[in-house]
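In what follows, a single structure is set out as structure tokens and then discussed.
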Amino acid sequence: MNGRITTASLDDPLYYLANFETVVHWVATHHGDLLTYDERTRLDRLQSLSQAARALLVRLVMRSGELFRLSKLNYPELGVPESEALDELAADGWTEDDPELAIDELFRLLTVAECRHALAPILADCGLPRAASKKAMLTDCLELAPAPRRFTDWWPDTDDRLVALHHMALFDRIRLMFFGNLRQSWSDFVLVELGHHQYETVPFTPDSRAFQQREAVDRYLLMQACRDRLEGGEPPADIWPDIPARDDSNPWLESRRGRLLMELGRQADRQGDAELALAAWSDSGHREARLRHLRLLERQGRHQEAWDIALSAQAEPRGDGEAQGLERLMRRLARKVDQAPPERPKRPSIPEMHLTLPQPAAASVEWAVLQDLDSEQTPVCYVENTLINGLFGLLCWPALFAPLPGAFFHPFHIAPADLHREDFVSRRQALFDDCLAALDSDEYKDRIRRTWGEKHGITSAFVAWPALSEPVLELALHCIPAADLKLIFQRLLRDLRDHRSGLPDLIRFHPEQARYDLIEVKGPGDRLQDHQIRWLEFCLAHDIAVSVCYVRWQEAD
DNA sequence: ACCCGACACTCACGC
DNA sequence: TCTCGCGTGG
DNA sequence: GCGTGAGTGTCGCCACGCGAG
Ligand SMILES: [Mn+2]
Ligand SMILES: [Mn+2]
């Protein structure tokens, strides 16, 4: 069982309150040690509120922003007037009446007509045309940098009431501790009730949770704040000093930090701050950061420096994407630093096919080629990664959803939390070995079919159910030899993140000969991506039939 | 499993 | 007047 | 013309109602 976390029925008009209280209760009981005394007592005070007040509070928490006009709150299910519930929330410090707000916040709350009316005096000074857009009005007003004012001071003759929600940081923190991320939210409960999502039931105990230390939660939130500022357009140089220092004791957070630095470097580079970009990228553990770092050095003409770093990077490439990138880079650099260019590993050339097709009105190139190649004897499917990933996800279901400590901690996982950790496979080695061993006999077919039946519809990071219909599954099991699947799955397991993409667009089955071939479609102006090349070359090396189909459009006359 | 990832499409460069 | 994008809610 | 490196856009429930333009 998943602890005692259940989703409230949507027949309950206050379903959202029930879900919210489920989360708060779970966090308060099992993560209490990660909360401060103040936070715990603040949460305790929820219980002294009336049900209507709690429900309204939850409504506000679920909505975006922290400022709300009473006229925009319409919740008949509360059973009492919203203003009454608001009074109660304000009395207990959950909200603040008639708060001070900056002019841009005011703009977000008022319609154009209201802005024109409320800000008539200010706008008159700006000399704006009567029909100026909201954006223009705001930029002009911002020039004047007016001090924040209370809502009723901005707009004295309003009939409305404005409230500010407090303690939003606490609610975000709770959501983060519960889900282990800020992407998921209260609405996940609803999506389950609606049947849009069905999650695998993995047993987990109350002690399995996303965070073990408050300090880690703080780091997460700190980095998230940096990310938000970056997205808000703040200069990266201003954000840089606020990024927490490297800490390899938590690989999960360190990889998040790496991604943040990657993005910060991108912004810095774009704005011409090369030194900052270099600093950010060299401190980032992101898979692509080192290459970006090297290419910037190259652009700056610091060839020798780049060459030396590239040499050492080559000894420990961060995945084969980087290895491929390093090879290209060093081929360019070699001339500049007067070194022998790296040996060009002899690559088998990838078989090509060229088609000239009438351009379909709406459908994509892939569909056009599919239609052209499809026949009774050779059914073609447009599957990209979904077929191989799906077969892998089905065969390895028990390993992927194994209840390892820390892998699952709430009922809404599409994959184990440590899927992209370095030691993901090794922690489950015996389980994966067992799954792959089933490929040594026909047993894998039964296992895959059984899982397909038992788990159908349950969300998994590897199984896209709509793409994996029974006929497609049967064709695949019939036409793809177990030996091929084993090779392919072994490659997947070598790097689950990098190798789960880049598979060719189409698969053509030849049921009579129990064989298949994979076809990557390229329309005019498209080209093979690196990871696509890597899959194609892997297949060639293992005698799996692949080709690239280049399409030209027929001249219309 | 983090405003992402996985595609194709687009523009821009240096040789 | 209609179209588009966004926030909301089940 | 090529090979290469970047950046952009789309989609991930779906129906609704509002506000901006
Ligand atoms: Mn494709
Ligand atoms: Mn393609």
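Could you tell me the calculated FRET efficiency between A:GLU470 and A:ASP442, based on Cβ-Cβ distance and R0 = 22 angstrom, to the nearest 0.05?
With a Förster radius of 22 Å, E is 0.75.
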**Message:** Restricting to bridges with both residues inside the stretch A:486-557, how much of the DSSP beta-bridge set is antiparallel, in percent to the nearest 5?
**Reply:** 50 percent
**Request:** Please arrange A:PHE409, A:PHE462 by counting, for each residue, the other beta carbons lying within 10 Å of its beta carbon, fewest first.
**Result:** A:PHE462, A:PHE409
**Request:** Name the lysines eligible as straight-distance cross-link partners of A:LYS72: C-alpha to C-alpha under 21 Å, and not fewer than 8 places from it in the same chain.
**Result:** A:LYS134
**Request:** Would you list the P(r) distribution for the stretch A:467-536, with all Cα-Cα distances sorted into 5 Å bins from 0 and each bin expressed as a whole %?
**Result:** 3, 14, 20, 25, 20, 12, 5, 0
**Charge dipole of the stretch A:1-100 about the Cα centre (unit charges at C-beta), most positive-ward option of A:ALA55, A:HIS31, A:ILE5** = A:ILE5
**Complete:** the stretch A:352-553: antiparallel bridges as % of DSSP beta bridges, rounded to 5, reads 40 percent
**Asked** Taking the Cβ-Cβ separation of A:HIS542 and A:GLU305 as r and a Förster radius of 30 Å, what is the calculated FRET efficiency to the nearest 0.05?
**Response** 0.15
**Message:** How big is the dipole moment of the stretch A:155-197 about its Cα centre under a simple scheme where the beta carbon of each Lys and Arg is +1, that of each Asp and Glu is -1, and everything else is neutral? Debye, nearest 20, please.
**Reply:** 340 debye
**Neighbourhood charge, 11 Å Cβ-Cβ cut-off, centred on A:PRO342 and excluding it, Lys, Arg +1 and Asp, Glu -1** = +2
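Between A:ARG328 and A:HIS354, how high is the FRET efficiency from 1/(1 + (r/R0)^6) when r is the Cβ-Cβ distance and R₀ = 41 Å? Nearest 0.05.
My answer for the efficiency is 0.95.
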**Request:** Can you spot the lysines whose alpha carbon is less than 28 Å from A:LYS346's alpha carbon? Ignore those fewer than 8 places along the same chain.
**Result:** A:LYS336, A:LYS486, A:LYS522
**Message:** Rounded to the nearest 20 debye, what is the charge dipole size of the stretch A:352-553 about its Cα centre when +1 sits on each Lys and Arg Cβ and -1 on each Asp and Glu Cβ?
**Reply:** 480 debye
**Message:** Counting only helical runs of four or more DSSP H residues, what would the 222 nm mean residue ellipticity of chain A come to if each run contributes -39,500 (n - 2.57) and the total is spread over all its residues?
**Reply:** -15000 deg cm²/dmol
**Under 5 Å, built H, 5+ apart or other chain: amide partners of A:VAL521** = A:ASP505, A:LEU506, A:CYS549
**Asked** Could you put A:ARG229, A:ARG108, A:ARG270, A:ARG534 in order, starting from the residue whose Cβ has the fewest other Cβ atoms within 10 Å?
**Response** A:ARG270, A:ARG108, A:ARG229, A:ARG534
**Summed side-chain charge close to A:ALA437 - residues other than A:ALA437 whose Cβ falls under 13 Å, Lys, Arg +1, Asp, Glu -1** = -3
**Message:** Test of understanding: what is the full-extension gain from A:SER83 to A:ARG344, defined as 0.36 nm times their sequence separation minus their Cα-Cα distance?
**Reply:** 86.6 nm
**Request:** Quote the relative contact order of chain A in percent (integer), defining contacts as alpha-carbon pairs under 8 Å separated by 6+ residues.
**Result:** 14 percent
**Residues of the stretch A:1-33 with amide N under 18 Å of a point placed 7 Å along Cα→Cβ from A:TYR75** = A:8-25
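In which sequence would A:THR7, A:THR152, A:THR356 go, from the one with the fewest C-beta neighbours within 10 Å to the one with the most?
Values: A:THR7 18, A:THR152 14, A:THR356 10.
The fewest-first ordering by Cβ neighbours comes to A:THR356, A:THR152, A:THR7.
Bear in mind that the values in this text are calculations on the coordinates, not laboratory data. Because the structure is predicted, anything quoted here is derived from the model rather than measured. Cβ coordinates were reconstructed from backbone atoms using ideal geometry, including for glycine residues, and neighbour counts include every protein chain displayed.
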